[in-house]
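Trainee: Pasting a structure here, questions to come.
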Amino acid sequence: MSYFIRQFGDPEGITGRMLGKLMSLSNRKMHRAVLKELCSPVTLLEIGFGAGSQLEMISKRYPGTTLYGIDISKDMLCCAKKRLETRAVLSSGRIEKTDYPDGFFDTVITTDTCYFWTDAVKALNEIKRITKPGGRLIIAYNLLYAAFVHRTNSDCKMYNDAAIIKLCENADMKVLSQRSCGFKQKVFVISIQKEQRE
């Protein structure tokens, strides 16, 4: 079972490409919910873009938005580049440490990936660093899947509503809203506060 959990977190090979397509389909409701929460973003980053289906939706709705994506899977990077062509700047890497400049994005989104971050505190601090003050972080996740990943991986820290809220508040982020978007699926909209921690 840990093989499949690992594949969902970092898809590779034929199995990974098949799971990437499956995730694009199973995450549709969350993708649409994230799209509804966007406020005409100028520069947007998606963490864990997978096969690129959510960035494709955003590029159609907001053609003037400059899109970026970061994903740990090199196979998903190849799939998404084929799908998106020049509509997004995509790279391979982890959100815990990036090369993006301070305050570069006004919006950062992630769907069905926060439970795979190796260090949620570092990830949130990095998101805060690269997002403009007053910018937004939008997290969409599946409660059942998150709880399952948490049971099989003790490093998983963002596995339920209370944990997500606490981690965000500890990073001086403010949860603006949370709502259900499907069976056991939820979307959080979080504001990046102007005060920066030293």
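Trainee: Which of (1) modelled with pLDDT under 90; (2) under 25 Å from D161 (Cα atoms) is the odd one out, the single condition S73 does not satisfy?
Mentor: S73 satisfies all of (1) modelled with pLDDT under 90; (2) under 25 Å from D161 (Cα atoms) except (2).
Trainee: Within region 162-182, is there a residue that is modelled with pLDDT under 90 and among the basic types (K, R)?
Mentor: No: zero hits.
Trainee: Checking the condition polar (S, T, N, Q), outside any helix (DSSP H, G or I), in contact (Cβ under 8 Å) with a residue 40 or more places away in the chain and surrounded by 15 or more Cβ atoms within 10 Å (Cβ to Cβ), which residue from T107, T98 passes?
Mentor: Details: T98 fails: in contact (Cβ under 8 Å) with a residue 40 or more places away in the chain.
Result of the check over T107, T98: T107.
Trainee: Among the residues of region 61-84, are any of a type in the set (D, E), closer than 27 Å to T118 by Cβ and without any contact (Cβ under 8 Å) to a residue 60 or more places away in the chain? Can you show your working first?
Mentor: So the first thing to find is which residues in region 61-84 are of a type in the set (D, E), and the list is 71, 75.
Then drop every residue that is not closer than 27 Å to T118 by Cβ, which leaves 71, 75.
Then keep just the ones that are without any contact (Cβ under 8 Å) to a residue 60 or more places away in the chain; that gives 71.
Yes, that holds for at least one residue.
Trainee: So which of L55, L19 is surrounded by 19 or more Cβ atoms within 10 Å (Cβ to Cβ), modelled with pLDDT of 95 or more and part of a helix (DSSP H, G or I)?
Mentor: The match here is L55.
The values are calculated or read from the model by the stated rules, or taken from the named source; none is laboratory data. Computed from a prediction, not measured in an experiment: that's the story for all the values here. Neighbour counts run over all protein chains shown; Cβ positions are idealised from the backbone, glycine included.
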